[in-house]
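Read through the structure below, which is laid out as structure tokens, and then see the notes.
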Amino acid sequence: MPKLPMQVPNIVKRVLDSSPSDLRLFAHRLHDHATEERMSPADVKSSLAQLGYDNIDDFCRDLDMPGHVAEHWQRFGVSAEMRQVFRLMIKQRDRFAAAVAEFETITHVGLQDFLKSRGVL
């Protein structure tokens with residue numbers, strides 16, 4: 001019989017030591033991942049483009065995420081929760097851009113050009 005990886009006994013022990021509420025949360029999380037609609041890879045790329053990224057790899061690299069995460073997102077997209085995070089980030093970026101544009105109309109400082117040159121907008 002092949003030897004089990006070192007993590008398997010630890011995972012089994014943690015599950016057995018878990019309280020019922022932990023198991024309920026685990027089951028809920030598993031259900032959400034299995035049933036909720038994921039954001040498609042094309043939509044992930046589109047969202048990241050709105051945030052100023054050329055591709056998923058660049059975004060993940062900027063966040064110091066492991067390379068396999070970018071590969072996973074490129075193939076399967078992202079979870080519903082991550083879709084909401086992207087939407088929030090895009091909304092915040094749009095709010096910031098609108099505030100900068102309004103500031104520009106009042107001050108004529110050139111802040112918008114400066115932030116665009118730095119990749120912030």
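Here are some notes:
- Restricting the range 90-110 to residues that are more than 29 Å from the chain's Cα centre (by Cα) and polar (S, T, N, Q), the residue that is nearest to G52 (Cα to Cα): T105
- Any hit, the range 52-71, residues being closer than 28 Å to S40 by Cβ, in contact (Cβ under 8 Å) with a residue 60 or more places away in the chain and outside the structural domain of H31 (by TED's automatic domain parsing): yes
- Taking the criterion of being touching a strand residue (DSSP E or B) at 6+ places or on another chain (Cβ under 9 Å) and among the hydroxyl-bearing types (S, T, Y), the residues of the range 43-88 that qualify are S47, S79.
- Residues in the range 76-98 that are among the basic types (K, R), more than 20 Å from H33 (Cβ to Cβ) and either loosely packed, with under 15 Cβ neighbours inside 10 Å or at pLDDT 95 or above (or both): K91, R95.
- Within the range 21-38, the residues that satisfy the criterion of being within 12 Å of S79 (Cα to Cα) and either of a type in the set (G, A, S) or in contact (Cβ under 8 Å) with a residue 24 or more places away in the chain (or both) are D32, H33, A34, E36, E37, R38.
- All helices (runs of 4 or more DSSP H) inside the range 39-121 with 1 or more residues being more than 25 Å from R29 (Cα to Cα) and in contact with a Lys or Arg (Cβ under 9 Å, 6 or more places away or on another chain): 41-50
The values are calculated or read from the model by the stated rules, or taken from the named source; none is laboratory data. Since this is a predicted model, take the numbers as computed values, not measurements. Here the Cβ is made from the backbone with ideal geometry for all residues, glycine too, and neighbour counts use every protein chain on show.
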